[in-house]
Amino acid sequence: MMYRFSTRRKIFTVCNYIFLFVLSITCVLPLLHILALSFSSGAAASAGVVKFWPVEFTLSAYLNILDKPEYLSAFWISIQRLVIGSSLQLFMSITAAYPLSKESSYFRFRTPYVWIFVITMLLSGGLIPWFMTIKSTGLMDSIWALVIPSAVPVFNVILLLNFFRGLPKEIDESARIDGASHWTILWKIFVPLSLPALATITLFSMVGHWNSWFDGLLLMNDPSNYPLQSFLQTIIISKDPRFLSAQEAQLLQQLSDRTSIAAQIYIAALPILLVYPFLQRFFVKGIVMGSVKE
């Protein structure tokens, strides 16, 4: 069927494309500016002559960060946190969302359980009770202190349970008639049909774990156990002397803070930038379908 658009519709479409193009440029140009800063000399960055292309190209800012065994250790801890934390969040979200997606007539206490989850999103015990609880469990200074407290992200559970509720009920009923158990229905039917939602919550989990730095500072007494973001915060933002030798301290004085911070941004963002293109095609579909409550 052929559609003929009116003149107003064509004008709106053109204006819409122009607006989106300008909006995308305003998002990309600051990133290009920061990237140019990270590859420029400290003198050029301090003078404010760097725009969107490096001036006096140098890798000093990156070499200063990368040429450290402490950095490699922090990077490895962040990789462990990313893999373990994202996998744990995905498993817990799936197993929590499946029973909560059932009707109240089938799962009698579904509504009270849902409200218990929702209340945790609205109310928090505060930072001190959170810290004391983790400390009392003996998780301090371990990778588990970074992944177990956030193992059940309520927003992801709600997103996934709404996606499960949108699947045809006839599939569930026919599987039960054939004698399939709940575990079989969940892992062989619901999970394969929910790839867009699973990709979305996986992306949320990965970004959250990779960018988190505050909990590392609080829960790790030994600086050698810091994840990458906490480590970078101490050597670039706080300039913690525990991580700096005399030679490195002198080098930091020669570098501009702007180049160091720019290098920090790109080193921290690189893994997510590499993963996101593979999950992007599921992202919009998972958000739209999982956010609609029936």
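Every read-out reported here was derived from the displayed coordinates using simple, explicitly stated rules and does not represent laboratory data. Given the structure is predicted, the values throughout are model-derived calculations rather than measurements. Please note: Cβ atoms are built from the backbone with ideal geometry, for glycine as well, and neighbour counts cover all protein chains shown.
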Region 128-217 - convex hull of the alpha-carbon atoms, volume per residue in Å³: 127
Hey, any idea what Rg/Rh is for region 45-96, computing Rh the Kirkwood way over Cα pairs? 1.30
Diagonalise the Cα gyration tensor of region 7-47 and give the resulting equivalent ellipsoid semi-axes, square root of 5 times each eigenvalue, largest first, whole Å. 37, 7, 5
How compact is region 73-231 by the rule of thumb for globular proteins, expressed as Cα Rg over 2.2 N^0.38 Å? 1.19
Please state the shape class of region 1-141: rounded when a/c is under 1.5, otherwise prolate if a/b exceeds b/c and oblate if not, all from the C-alpha gyration tensor. oblate
Let me check I've understood the local charge: for Ala145, count other residues with C-beta under 11 angstrom from its C-beta, Lys and Arg +1, Asp and Glu -1. What total comes out? 0
Using per-residue counts of other Cβ atoms within 10 Å, averaged over each peptide, order 55-65, 193-203, 119-129 from highest down. 193-203, 55-65, 119-129
Taking 0.36 nm per residue of sequence separation and subtracting the Cα-Cα distance, how much length would be gained by fully extending the chain between Ser104 and Thr137, in nm to one decimal? 8.4 nm
With r as the distance between the Cβ atoms of Val83 and Ala47 and R0 = 41 Å, compute the FRET efficiency 1/(1 + (r/R0)^6) and round to 0.05. 0.45
